[in-house]
1. Restricting attention to region 271-288, does a residue exist that is assigned to a helix (DSSP H, G or I) and under 17 Å from GLY368 (Cβ atoms)?
2. Residues that are at negative phi and in a loop (DSSP other than H, G, I, E, B): does region 338-345 have at least one?
3. Restricting attention to region 316-326, does a residue exist that is in the same structural domain as ALA85 (by TED's automatic domain parsing), modelled with pLDDT of 95 or more and touching an Asp or Glu at 6+ places or on another chain (Cβ under 7 Å)?
4. Quick check on region 386-412: of everything there that is touching a Pro at 6+ places or on another chain (Cβ under 9 Å) and either part of a strand (DSSP E or B) or among the basic types (Lys, Arg) (or both), which residue is surrounded by the fewest Cβ atoms within 10 Å (Cβ to Cβ)?
5. Could you give me the residue pairs with C-beta distances under 9 Å whose first residue belongs to region 218-229 and is over 23 Å from ARG189 (Cβ atoms), whose second residue is in a loop (DSSP other than H, G, I, E, B) and hydrophobic (A, V, I, L, M, F, W, C) wherever it lies, and which are 6+ apart or on separate chains?
6. Kindly indicate whether VAL325 is closer than 29 Å to SER251 by Cα, out of contact with any strand residue (DSSP E or B) (no Cβ under 7 Å at 6 or more places or on another chain), of a type in the set (A, V, I, L, M, F, W, C) and in a helix (DSSP H, G or I).
7. Filter region 175-201 for residues that are within 30 Å of LYS143 (Cβ to Cβ), touching a Phe, Trp or Tyr at 6+ places or on another chain (Cβ under 9 Å) and not hydroxyl-bearing (Ser, Thr, Tyr); which is surrounded by the most Cβ atoms within 10 Å (Cβ to Cβ)?
8. Please find, among THR287, THR329, the residue that is of a type in the set (Val, Ile, Thr), surrounded by fewer than 20 Cβ atoms within 10 Å (Cβ to Cβ) and either in contact (Cβ under 8 Å) with a residue 60 or more places away in the chain or within 18 Å of GLN199 (Cβ to Cβ) (or both).
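The values are calculated or read from the model by the stated rules, or taken from the named source; none is laboratory data. What you see is a predicted model; the values in this text were computed from it and never measured. Here the Cβ is made from the backbone with ideal geometry for all residues, glycine too, and neighbour counts use every protein chain on show.
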Amino acid sequence: MTIRNGFSWKVGIAALAMSAIVAVGCNGGGDKPDGGTTGTGTGTTASMDKGGIPLGLVASQNGELKPWGEDSVKGAQLAVEEFNAAGGVDGKKVNLVIADSASKPETGKSAAEKLISTDKVIGLLGEVASGITAQMGQVATEKGIPLVAIGATKTTLTEGKPNMFRVCYTDAFQGPVMAKFAYEQLKLRNVALITDKKQPYSTGLSESFKGYFEKLGGKIVDEEFYETGQTQFQGQLTNLKDKKPDGLFMSGYFNETGPLARQAKEAGLDVKMMGGDGWDSSEILQTGGDAILGSFFCNHYNNKEDRPEVKDFLAKWAKKYDGKVPATTMGALAYDATALMCDALKRAKSKDAKGLQDAIEDTVDFKGVSGAITLKGKHGNPPKRALVVQLAKEGQVFAKAYEYDDKTGLPK
């Protein structure tokens, strides 16, 4: 089957605003179109265009991961509005149905169940957190519904699940990216780890970083653990300081790594700090303060990249969202995930879950904002480039890009 090479409908955003699309969890007014109706329970909202094709999005509209959820909603809305304004598929529009995971795995699972059983969606989008996505995936697999994850990077997430896909890289790639950067660019040789043992994302990322850093010749001097929601880390940091590391890899989410950085500096642990894409929120600059400045982390995308796809995307985003740019990378990834699913819908031989799944699996070289996406023969995991960015007062500053080596699956 011939595959289209991307999501390139050139239409005015003023026209897009008239599409009958959902608008949940966005800042500012004017995003919800006429005809939207709000449900109950999981906070689902849907446009009720008769004859439309329902696709579901699960996003953290509340809870500690809300910054990612807000951008996920905005990115998905933008993609669907653009698709519908370009004519939709077979004269039908896509109805985007959004449910709130509230940043909790069990709520994300319930949200997915409702979207499938009540709202009759034929495809699911989301989530960002791997723990939430795994729960959604259980439901989607049982019901035979294709799921495209936005930012869930846990490597094993798609194993044995032919209906599950993602538009982001995996931890099997970003862990080695940061290990390579630490060893070759920062010249670190003795790194300590601190891991959130409650988050599958964090434990998997720490493991992949450790394996590749040691393969390069580095040493992991110690690994300490904490749990999501913890605010005091003095005990763990004291133990790490005693091991005299020259670097600290913090694999958790921004909620804890900001305070961790601040307390590490207060404890006299003055070393290079690093992390994964879980750091991607402006909140980390507030909670980490000066202590987090100069640290590095891995990311999928950067608003300041000098690529035509990025510039075009940011122009459309700014026109729809009051001149702003995405606050997190999840705006771009959600746009890509939704645009890819819509594009697959056009290519699908049948406009049902099975036809959609087959078309998603058949995707080759989809031109996403975050980079080209190929899923055909990749078991749901597209080979993606990764960026290393440094935190500065003005935000994220590009440091280095790593390409995916098809032969090894490692950064080059």
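1. There is at least one residue in region 271-288 that is assigned to a helix (DSSP H, G or I) and under 17 Å from GLY368 (Cβ atoms).
2. Among the residues of region 338-345, not one is at negative phi and in a loop (DSSP other than H, G, I, E, B), which makes the answer no.
3. Looking for residues that are in the same structural domain as ALA85 (by TED's automatic domain parsing), modelled with pLDDT of 95 or more and touching an Asp or Glu at 6+ places or on another chain (Cβ under 7 Å), one finds at least one in region 316-326, hence yes.
4. The extreme case among them is TYR404.
5. TYR226/PHE233
6. no
7. GLN199
8. THR287
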